Amino acid sequence: MTQQGAALQTYNNELVKCIEELCTKREELNRLIQQEEAEKSRLQHDIRVLTEKLSRVNESLARRLAARADFDRTIAETEAAYMKILESSQTLLSVLKKETGHLTKATEPRSSKDL
């Protein structure tokens with residue numbers, strides 16, 4: 001029986017050692033889990049902050065894009081109106097030159113040949 005008792009004691013010692021090793025490994029795993037949970041929490045916070053910042057940037061960008069489109073429209077309309085003014089000025093100048101020519105001819109003294 002002493003052999004059986006010794007064998008039982010050996011098994012018991014090995015079993016206790018295995019349980020202690022498992023507990024040690026579990027504690028290490030638990031420490032790693034806590035680290036990753038803390039990292040996850042930090043990342044989720046960063047994501048919230050960045051999402052809010054992205055939202056603000058998108059809103060600002062949308063306003064600026066709309067303003068730029070207004071500038072583009074205003075510039076195009078102004079350039080078109082300016083071109084019409086230039087065309088009208090050119091037409092007016094042409095008419096004025098023609099009328100000036102007619103008036104000049106009408107007011108010139110007549111030569112003796114014309115009489």
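The values are calculated or read from the model by the stated rules, or taken from the named source; none is laboratory data. Remember, predicted model here, so these are calculated numbers, not experimental data. FYI the Cβ positions are ideal-geometry reconstructions off the backbone, even for glycines, and counts take in every protein chain you see. For accessibility, only protein heavy atoms count, side chains too; no ligands or nucleic acids. Shrake-Rupley method; radii C 1.70, N 1.55, O 1.52, S 1.80 Å.
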### Query
How are the C-alpha pair distances of the range 42-115 spread across 5 Å bins, as whole percents from the shortest bin up?
3, 12, 8, 9, 7, 7, 6, 6, 6, 5, 5, 4, 4, 4, 3, 3, 2, 2, 1, 1, 1, 0
### Summary
Ignoring ligands and nucleic acids, THR91 exposes an accessible area, probe 1.4 Å, in Å² to the nearest 10, of 80
## Note on the structure
Listed by chain and number, the lysines with an alpha carbon less than 27 angstrom from that of LYS105, same-chain partners under 8 positions apart left out, are LYS97, LYS113
#### Entry: All lysines inside 26 Å of LYS53 as judged from Cα atoms, apart from same-chain residues fewer than 8 positions distant
LYS40
#### Entry: Most mobile of VAL49, VAL57, VAL16 in a GNM of the chain (Cα contacts under 10 Å)
VAL16
### Accessible surface of the chain [probe 1.4 Å, protein heavy atoms]: carbon and sulfur percent
60
## Note on the structure
For the chain, the per residue accessible area (1.4 Å probe, Å²) is 97
### Task
Quick one: angle between helix 2-107 and the longest Cα principal axis of the chain, in degrees between 0 and 90, rounded to 10, please.
0
### Query
Given the rule -39500 (n - 2.57) for each run of at least 4 DSSP H residues, summed and divided by the residues of the chain, what is its mean residue ellipticity at 222 nm, to the nearest 500 deg cm²/dmol?
-35500 deg cm²/dmol
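Work out the length of the dipole vector of the chain about its Cα centre, built from +1 on the beta-carbon of each Lys and Arg and -1 on the beta-carbon of each Asp and Glu, and round it to the nearest 20 debye. Could the numbers behind the result be given before it?
Numbers: 19 positive and 19 negative charges, 193 e Å.
Result for the chain is approximately 920 debye, rounded to the nearest 20.
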### Message
Among VAL57, CYS23, GLY5, whose Cα projects farthest towards the positive end of the dipole of the chain, with charges put on the beta-carbon of Lys, Arg (+1) and Asp, Glu (-1)?
### Response
VAL57
